[in-house]
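Shown next, in structure tokens, is the structure this report addresses.
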């Protein structure tokens, strides 16, 4: 029975009357009067999870339910039904309790579960039969996971789940320790970090590590900063996994451009101002500035330049050569969405000297385009460390003898 009159005395009377008749009763929002509590339910039939605060915080229980809803895959019930279809056979073939425990541990956390959650029902069934019949060692599985810009709460829910399932985590240098530590406590963690000029592992070695770990039956997470598919060299790893017939899944992450735009309130596209967005990198595989995207920036696209701090002057020179106005707004965001984030604002003119900001050592994204003028620049530092900029050759060639040239071009002193 439930008492929910919102009147304490009347609720007490109902509770007392129910107890006299031997009926358990729940008085809503009055835990001291309750004989039982009702949980907030997460239903993944036949799997169900109930959350209760024992009456002291029903709204809090609903918030927890929402988190569990997000973390528990929709296919959890399908995995449970698949397990049920194998239960009798497992009992007959594996009389030993320890053997059954090992089987079910691998069933619910290995490639059977991974394929079920990925929607590969037939593959999951095949893996379950392989595991049951012991025809060969259980196949491993690889997740290419985007860790986002570094803030733990920007990690996707799917990324959090697979980190808890991984036996081995190969992580990049730009992934913070706090994110790496979100994996299982007993998971092996291996740094394969790559920074400009310093590579602890070559890409070929990383490919070999992923394949080797998966072939040995391990569940593997390849943890990359940002999104794996945006300057993350995921294509090379995908090719290696396909070549060796290793099952894998890609788990997207928040890429640096989106994190930087959110922090600095930069509308990357804006009606009547910028209708397209370009992701570019300051370096190609040989370390040279890429020329391909300059025309897109010239035609009004907002351009997000990854890994561009050390070549900022070359980038500015390139765009100036292409004809981009020196007064075009520019922002640089260091450590986007992290506690150490810093924003720098100015113009293409100022960008010429941004690389001389010696204090800028974190990963930095440069955003160029008219839409940047609509960003929040109230907390931004100057883009150039100099009061009067030293101009690269192409910009200097456009300089006039007028001592007010800088102010005329940029509106700043």
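The values are calculated or read from the model by the stated rules, or taken from the named source; none is laboratory data. What you see is a predicted model; the values in this text were computed from it and never measured. All Cβ positions, even for glycine, are placed from backbone atoms using ideal geometry, and neighbour counts span all protein chains on display.
Which one is surrounded by the fewest Cβ atoms within 10 Å (Cβ to Cβ), of the residues in segment 320-349 that are touching a strand residue (DSSP E or B) at 6+ places or on another chain (Cβ under 7 Å), over 18 Å from residue 149 (Cα atoms) and in contact (Cβ under 8 Å) with a residue 40 or more places away in the chain?
Checked segment 320-349; the qualifying residue surrounded by the fewest Cβ atoms within 10 Å (Cβ to Cβ) is 327.
Could you tell me whether any residue of segment 99-111 is touching a strand residue (DSSP E or B) at 6+ places or on another chain (Cβ under 6 Å) and either assigned by TED's automatic domain parsing to the domain that holds residue 170 or modelled with pLDDT of 85 or more (or both)?
yes
Might you let me know whether segment 133-148 holds any residue that is over 20 Å from residue 249 (Cα atoms), surrounded by fewer than 24 Cβ atoms within 10 Å (Cβ to Cβ) and touching a residue at least 40 places away in the same chain (Cβ under 8 Å)?
Checked segment 133-148: at least one residue is over 20 Å from residue 249 (Cα atoms), surrounded by fewer than 24 Cβ atoms within 10 Å (Cβ to Cβ) and touching a residue at least 40 places away in the same chain (Cβ under 8 Å).
Checking the conditions here, which among 336, 373, 274 is at pLDDT 90 or above and within 24 Å of residue 175 (Cβ to Cβ)?
None of the other options fit; the residue is 336.
Of these, 74, 65, which one is within 30 Å of the chain's Cα centre (by Cα), surrounded by 14 or more Cβ atoms within 10 Å (Cβ to Cβ) and touching a residue at least 12 places away in the same chain (Cβ under 8 Å)?
65
Is it the case, given these coordinates, that residue 190 is over 23 Å from residue 105 (Cα atoms) and at pLDDT 95 or above?
Yes: the conditions hold for residue 190.
Out of everything in segment 144-170 that is assigned to a strand (DSSP E or B) and within 13 Å of the chain's Cα centre (by Cα), what residue ends up being farthest from residue 229 (Cα to Cα)?
Once the filter is applied, the top-ranked residue is 148.
Out of curiosity, is residue 315 assigned to a helix (DSSP H, G or I), touching a helix residue (DSSP H, G or I) at 6+ places or on another chain (Cβ under 9 Å) and in contact (Cβ under 8 Å) with a residue 24 or more places away in the chain?
Criteria met by residue 315.
When you go through (1) in contact with a helix residue (DSSP H, G or I) (Cβ under 6 Å, 6 or more places away or on another chain); (2) assigned to a strand (DSSP E or B); (3) loosely packed, with under 14 Cβ neighbours inside 10 Å one by one for residue 48, which number turns out not to apply?
(1)
Report, by residue number, each residue of segment 299-312 that is over 21 Å from residue 385 (Cβ atoms) and either touching a strand residue (DSSP E or B) at 6+ places or on another chain (Cβ under 8 Å) or outside any loop (DSSP other than H, G, I, E, B) (or both).
Across segment 299-312, the qualifying residues are 300, 301, 302, 303, 304, 306.
Does at least one position in segment 18-32 carry a residue that is surrounded by fewer than 14 Cβ atoms within 10 Å (Cβ to Cβ), at pLDDT below 90 and closer than 30 Å to residue 216 by Cα?
Checked against the condition, which is being surrounded by fewer than 14 Cβ atoms within 10 Å (Cβ to Cβ), at pLDDT below 90 and closer than 30 Å to residue 216 by Cα, segment 18-32 yields no hits at all.
Could you tell me whether any residue of segment 276-291 is part of a helix (DSSP H, G or I), in contact (Cβ under 8 Å) with a residue 24 or more places away in the chain and over 30 Å from residue 216 (Cβ atoms)?
No; the residues of segment 276-291 include none that is part of a helix (DSSP H, G or I), in contact (Cβ under 8 Å) with a residue 24 or more places away in the chain and over 30 Å from residue 216 (Cβ atoms).
Being more than 19 Å from residue 295 (Cα to Cα) and at pLDDT 90 or above is true for just one of 392, 385, 363, 401. Which residue is that?
Just a single option satisfies the conditions, and that option is 363.
Report the residue count in segment 248-275 for those that are assigned to a loop (DSSP other than H, G, I, E, B) and surrounded by 18 or more Cβ atoms within 10 Å (Cβ to Cβ).
5
Out of 231, 248, I need the residue that is outside the structural domain of residue 377 (by TED's automatic domain parsing) and out of contact with any helix residue (DSSP H, G or I) (no Cβ under 7 Å at 6 or more places or on another chain). Which one?
The unique qualifying residue is 231.
Could we say that residue 220 is within 12 Å of residue 146 (Cβ to Cβ) and in contact with a strand residue (DSSP E or B) (Cβ under 8 Å, 6 or more places away or on another chain) here?
When the stated conditions are applied, residue 220 does not pass them.
So how many residues does segment 66-90 have that are part of a helix (DSSP H, G or I) and under 13 Å from residue 49 (Cβ atoms)?
Summing the residues that are part of a helix (DSSP H, G or I) and under 13 Å from residue 49 (Cβ atoms) in segment 66-90 gives 9.
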